[in-house]
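Structure first, commentary second.
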Amino acid sequence: MVIKIWKSFTKRIFSLFFKRKKDLSLGFYGPPNSGKTTLANRICKDWTGEEIGKVSKIAHETRHVQFKEEVEIKYKEKSLKFKLIDTPGIATKIDYEDFMKMKMKKKAAQKRAKEATQGVVESIKWLDDMDAVVIVVDSTQNPYSQVNITIVGNLIAKKIPVLVVANKIDLKKSDIKKVETAFPEYDVVGISAKKGKNMDEFYESVIKLAKEV
């Protein structure tokens, strides 16, 4: 009896020390064209050598959830391994005529609008699988938007740790202070995903975010 108990005990201890820990699921959320996929590409390029998806000046280029397994970042002797999940841009209104203004043909515009609408639904559903979320906003745009309110509302309800990224700080109209004021309950880090500016601070902030999980 004593031997059986001891074997059971040692087996549990062994499993605690050697069981592979599940990687953190880190989701990237935000409005269309805020730079989510550009940032995801930058991260993947920096640490895996491969990009995750296409980018475009036309909104809703990403219309399906895409992810990269086991991305590992390192900063000042600290490291973090996670599953990077890039989600379609969340919008409160999607009109195919807006795509036509970008010189898309009607049929293609309608198809894009339909897929983009489905992508928004998919993004919200994936929140149930997130351990932490990076909200990417365009720092040249008004952060007090209905889209941002919708995203934050969902995250607060689910009690998911959040980091806010004020992207496009390389542009003249960038206003990080306004983003910080709009998201007072969260840490805000300003970057340029396109230029790779301030990425070290971003990586440090992501590692810090993981501690809240």
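We did not get these values from a lab; they are worked out from the coordinates using the rules stated. Bear in mind that the values here come from a model prediction, so they are computed numbers and not experimental data. Here the Cβ is made from the backbone with ideal geometry for all residues, glycine too, and neighbour counts use every protein chain on show.
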> Counting other C-beta atoms within 10 Å, which of Met102, Met130 has the fewest, and how do the rest follow?
Replying inline: Met102, Met130
>> I need the calculated FRET efficiency for the pair Asp129 and Ala157, taking r as the beta carbon distance and R₀ as 22 Å, to the nearest 0.05.
In response: 0.90
>> What does the extension gain come out to for Asp175 and Lys107, with contour length at 0.36 nm per residue minus their alpha carbon separation?
In response: 20.7 nm
> Taking square-rooted eigenvalues a ≥ b ≥ c of the alpha carbon gyration tensor, is segment 84-181 rounded, prolate or oblate, where a/c under 1.5 means rounded and, failing that, a/b exceeding b/c means prolate?
Replying inline: oblate
> For the residue pair His64 and Lys194, what label-to-label distance in nm results when each label sits 7 Å from Cα along the Cα-to-beta-carbon direction?
Replying inline: 2.7 nm
> What full-extension length gain, to one decimal in nm, is calculated for Thr140 and Glu97 as 0.36 nm per residue of separation minus the Cα-Cα distance?
Replying inline: 13.1 nm
> Of all DSSP beta bridges located in segment 23-210, what percent are antiparallel, nearest 5?
Replying inline: 30 percent
> Taking the Cα atoms only, what angle lies between the long axis of helix 146-158 and the longest principal axis of the chain, rounded to 10 degrees?
Replying inline: 10 degrees
> Gain in length, Glu51 to Glu204, computed as 0.36 nm per residue apart minus the alpha-carbon separation, to one decimal in nm?
Replying inline: 53.0 nm
> Ala132's amide H: which non-local residues (gap 5+, or another chain) put their own amide H closer than 5 Å, with H modeled 1.01 Å from N in plane and none for Pro or chain starts?
Replying inline: Ser25, Gly27
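At a 10 Å Cβ-Cβ cut-off, how would you order Met100, Met199, fewest neighbours first?
Details: Met100 16, Met199 19.
Sorted ascending by nearby Cβ count, the order is Met100, Met199.
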> What does segment 25-67 give for Rg and for Dmax, in Å, if only its C-alpha atoms count?
Replying inline: 10.1, 28
> If you take every DSSP beta bridge whose two residues both sit in segment 37-137, what share of them, in percent to the nearest 5, is antiparallel?
Replying inline: 100 percent
> Excluding same-chain residues fewer than 8 positions from Lys74, which lysines have a Cα within less than 22 Å of its Cα?
Replying inline: Lys21, Lys22, Lys36, Lys45, Lys83, Lys194, Lys195, Lys197, Lys208, Lys211
>> Taking the beta-carbon count within 10 Å as an exposure proxy, list Thr48, Thr37 from fewest neighbours to most.
In response: Thr48, Thr37
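Dividing the convex hull volume of the Cα atoms of the chain by its residue count, what figure in Å³ per residue is obtained?
In the chain, the Cα convex hull volume per residue is 152 Å³.
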